[in-house]
1. Could you check the simple spin-label distance between D461 and L177, using points 7 Å along Cα→Cβ, in nm with one decimal?
2. Tell me the label only: which of (1) 44.9, 132; (2) 22.8, 72; (3) 24.1, 85 is Rg and Dmax of the Cα atoms in Å as calculated from this structure?
3. Would you calculate, for the chain, the mean residue ellipticity at 222 nm contributed by helices, counting each DSSP H stretch of 4 or more residues as -39,500 (n - 2.57) and dividing by all residues, to the nearest 500?
4. Would you work out which of L177, Q264, L253 lies farthest towards the positive end of the dipole of the stretch 156-279? Charges go on Cβ: Lys and Arg +1, Asp and Glu -1.
5. Only four residue types carry charge here, +1 at the Cβ of Lys and Arg and -1 at the Cβ of Asp and Glu. Report the dipole size of the stretch 12-138 about the Cα centre in Debye, rounded to the nearest 20.
6. Along the Cα→Cβ direction, 7 angstrom out, place labels at S160 and E224. What is the inter-label distance in nm?
7. Where does each of R51, R274, R231, R257 land when they are ranked from fewest to most other beta-carbon atoms within 10 angstrom?
8. For G26, enumerate residues with amide H under 5 Å from its amide H, sequence gap 5+ or separate chain, H modeled in the peptide plane.
Amino acid sequence: MSKKKQNEELTPAEVAQHHTGMPVVGSYKAEETFSIPEEERQEVLPLMALRNMTIFPGTLMPVLIGRKKSMEIIRMADEKEALFGVITQRDASVEDPSKEDFYPIGTVVEVTQIIELPSGEISAILRGIQRFELKELEQTEPYLTGRVEYLQSDVEPEASREEEFKALTELIHERLLRLLQHMVPSTPSGFIDTIRGLKNPIYIIHLTASVLQISPEKRQELLEQETLFGRAVEVLTCLQTQLQESDLKEELLARTRREMDQQQRDYFLQQQMRTIQDELGQGQEDDEIEELRKKGKDKLWSKEVGEIFEKELRKAERLNPQSPDFSIQMQYLRTIVELPWGVYSQDNFDLKGAAEILEREHYGLEKVKERILEHLAVLKLKGDMKSPILCLYGPPGVGKTSLGRSIAESLGRKYVRISLGGVHDEAEIRGHRRTYIGAMSGRIVQSLQKAGTSNPVFVLDEIDKLSSDYKGDPASALLEVLDPEQNTTFHDNYLDIDYDLS
């Protein structure tokens, strides 16, 4: 009975199997070996060149054939039921290879089935039998032939390594089944069940080598391995590597899927929340939160302040806009974002202009004006002087407060005045904690908000009229404002964030 079939006689499943690139699973007894009897061996074999493919003894591989010489060999072997050799090219792009273009080791095969395709190509299933070494090419027309030397048949190792080889084969078999389960749905239906029942150790090793997703060069190295035991060790190493890669890919895929599911869930919930808020007329509050977030991105504050601000924004987003806590939270956020973080006025150290301003605004006070100009000169020369403080004292009406305004004008800075007369509560300086109803920031922070810069000229007026009682001592609180060692991290109780007053 001829092995040749016409394409139209095949079932769809048979045609598909010829195009999967997966080996066809054979059935062998456990003790069966793969070799050609001495009397049937031919010194000169017809040779078919393979591209990017290696066939191992015992395996049945589907091959798509398009080159004229290769088709001649297949048809001849099918008609005469003859054996021939297959040998892999080093460079798949070479159309008419010479001996140097082939790897030295190939496999003797037989044709088990061929299909003439409508395209003119031939799809065949070839069964590997025994390895050979190519010694010399004999002829090139009408197809290649070569003088070969048959290599020793693959047999199980001696008794001393029998148990080790058995354990090695069982491990390969178990890992192969795992790998094929990873490859689903690319693995053909029923393929895994058939492989689970395999008993022949040589065939299991060679089938695994054919299934592995490795380079053609690495597969050829496995074929050229001299001993079956050494080949089994190499196959297990490649198999383990591929399994680890497959496990990693599955883990990454699962993690990506979880992250995408979480993102989709968050998006869905956010859309639902927006819809509900729109129904309740709460969309305006969301717009205000987003506006605050945009303003926050433009601020020149530190990373720590930015993280606190974003945390408080998220807290506001979770609050019900109708609750009192929401308005308190929004007021706190507005206070933070309205502060001039990292914004400073450019100083103008024009001493001549400063002298003219002082002369124009103040009559007399020669020593005071001279001292102010000296102070401005030191500031100009030193450049990095921290917290420069002047103390002006004298009877009411002599111009102490207006001198502060003149200094601000001459420097080109904003002017801020705080009257401390009668202040007896420490919270006036440091602010109230947010846990109190009606809490607000201290007058220092409020003045900075109004000034819009972090370096205005501060005038602390009537500082001698501070008083203290059971609510605290505001004079002691002023130490944190005026001391250069402390005011770089001035802590307002309402803000609960350090602010640089230096």
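1. Rounded to a tenth, the inter-label distance reads 9.3 nm.
2. The listed entry that was calculated here is (1).
3. -14500 deg cm²/dmol
4. Checking the options against the dipole of the stretch 156-279, the answer is Q264.
5. Numbers: 13 positive and 22 negative charges, 69 e Å.
Around 340 debye, computed over the stretch 12-138.
6. Simple spin-label model gives 2.8 nm for this pair.
7. With the sparsest Cβ surroundings first, the list reads R257, R274, R51, R231.
8. L60
Each value in this text was obtained by applying a stated rule to the coordinates, not by laboratory testing. Please read these numbers as outputs of a predicted model, since none were measured by experiment. Cβ: placed from backbone, ideal geometry, glycine included. Neighbour counts: every protein chain shown.
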